[in-house]
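The values are calculated or read from the model by the stated rules, or taken from the named source; none is laboratory data. The model shown is predicted, which means the values in this text are computed figures rather than measured ones. Virtual Cβ from ideal backbone geometry, glycine too; neighbours counted across all protein chains shown.
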Amino acid sequence: MFTLLPAFRYGWQQMQKHFWIFIAFTLALSSIDIWGNIKMRAAGIDELIMMENWWELIPRDLIIWMGIFAAVIVCINFIVVTLVLASIRNKFSWEYLLEKSTRIPTYLGAYLLKLCIVSIGTLLFIIPGVIAFVGLYFMEYLVIDKDMSIIDALKESWRITAGFRLGIFFFEVNVFIISYLLSFPQSLWPDTVTTYGILVLINTMWLPVAWLAAGYIYRFVSEPRKQ
């Protein structure tokens, strides 16, 4: 069983090694996320979803915007996962990123399938959703790293996470708790420029560590004999 301290230590070391690359995508992701939250609040989405037939009240242009927003986030996530894999494979280059760009459609399919399975499992009293989440945790990694099909990546992720799912679950719990604690500016000074500025700075230091720590765990569970 892997332990979390080496994973986070690896994430910290690799983040410093490739600092400027990861900070660029962290800034992009944070900025888009903050912009999206501001736009959603401006549209009064929180009030709309409390109403009956709320899906009929959402403006069409907002629905289109939300679709574009989600697509951009998924693309950035693809780049981040690819950079993490490049780091653990010692192939950190733009050529590697360009080579793996052909996997974007398969990555998107795997992402959506995983989301559907986890969502359905969550509706079935939550626990099946958690089991599906940790069992399919590395689907996207395998699509990019091993050039697998969606179904093969699903099966392989389920196989390689067997025996490690509790550890993956606690890794995600740790990431969630740390992220929650680091979001303290939102509680102290909600919806201010200062708040968003501090959150972006925190994210640029923390998110790459978490991403790269997940890459360490992927390498551990997929190639246990090489650890």
Per the list (1) of a type outside the set (A, V, I, L, M, F, W, C); (2) free of Cβ contacts under 8 Å to residues at least 24 places away in the same chain; (3) closer than 25 Å to Phe25 by Cβ, residue check on Thr122 breaks on (3)
Given the conditions (1) free of Cβ contacts under 8 Å to residues at least 40 places away in the same chain; (2) surrounded by 12 or more Cβ atoms within 10 Å (Cβ to Cβ); (3) within 16 Å of the chain's Cα centre (by Cα); (4) over 22 Å from Tyr216 (Cα atoms), every one holds for Leu136 apart from (4)
Just one listed residue, out of Ile177, Ile150, is β-branched (Val, Ile, Thr) and farther than 20 Å from Thr82 by Cβ, and it is Ile177
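Within the group Leu142, Leu97, Leu112, Leu108, which residue is loosely packed, with under 15 Cβ neighbours inside 10 Å and assigned to a helix (DSSP H, G or I)? Give the derivation first.
Details: Leu142 fails: loosely packed, with under 15 Cβ neighbours inside 10 Å; Leu97 fails: loosely packed, with under 15 Cβ neighbours inside 10 Å; Leu108 fails: loosely packed, with under 15 Cβ neighbours inside 10 Å.
So the residue among Leu142, Leu97, Leu112, Leu108 that is loosely packed, with under 15 Cβ neighbours inside 10 Å and assigned to a helix (DSSP H, G or I) is Leu112.
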When (1) surrounded by 11 or more Cβ atoms within 10 Å (Cβ to Cβ); (2) modelled with pLDDT under 90; (3) β-branched (Val, Ile, Thr) are applied to Ile117, the one that fails is (2)
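Search the stretch 149-168 for residues being of a type in the set (Val, Ile, Thr) and part of a helix (DSSP H, G or I), and hand back the single one that is nearest to the chain's Cα centre (by Cα). Before you say what the answer is, go through the steps one by one.
To start, the set of residues in the stretch 149-168 that are of a type in the set (Val, Ile, Thr) comprises 150-151, 160-161, 168.
From the residues that got through so far, the ones that are part of a helix (DSSP H, G or I) too are 150-151, 160, 168.
Details: Ile150: 18, Ile151: 20, Ile160: 19, Ile168: 14 Å.
Among them, the one singled out is Ile168.
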By residue number, the members of the stretch 171-193 that are loosely packed, with under 13 Cβ neighbours inside 10 Å and at pLDDT 80 or above are Val173, Phe176, Ile177, Tyr180, Leu181
Given the conditions (1) touching a residue at least 24 places away in the same chain (Cβ under 8 Å); (2) in contact with a Phe, Trp or Tyr (Cβ under 6 Å, 6 or more places away or on another chain), every one holds for Thr195 apart from (1)
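Let's see how each residue does on (1) in a helix (DSSP H, G or I); (2) in contact with a Cys (Cβ under 9 Å, 6 or more places away or on another chain); (3) touching a residue at least 24 places away in the same chain (Cβ under 8 Å):
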site	(1), (2), (3)
Asp61	yes, no, no
Gly67	yes, no, no
Ala71	yes, no, no
Cys75	yes, no, yes
Val81	yes, no, yes
Phe92	no, no, yes
Thr102	yes, no, no
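Taking Ile126 as the residue in question, decide whether it is at pLDDT below 90 and surrounded by fewer than 15 Cβ atoms within 10 Å (Cβ to Cβ).
So Ile126 passes the test.
If you scan the stretch 169-197, which residues turn out to be among the charged types (D, E, K, R) and assigned to a helix (DSSP H, G or I)?
Selection gives Glu172 alone.
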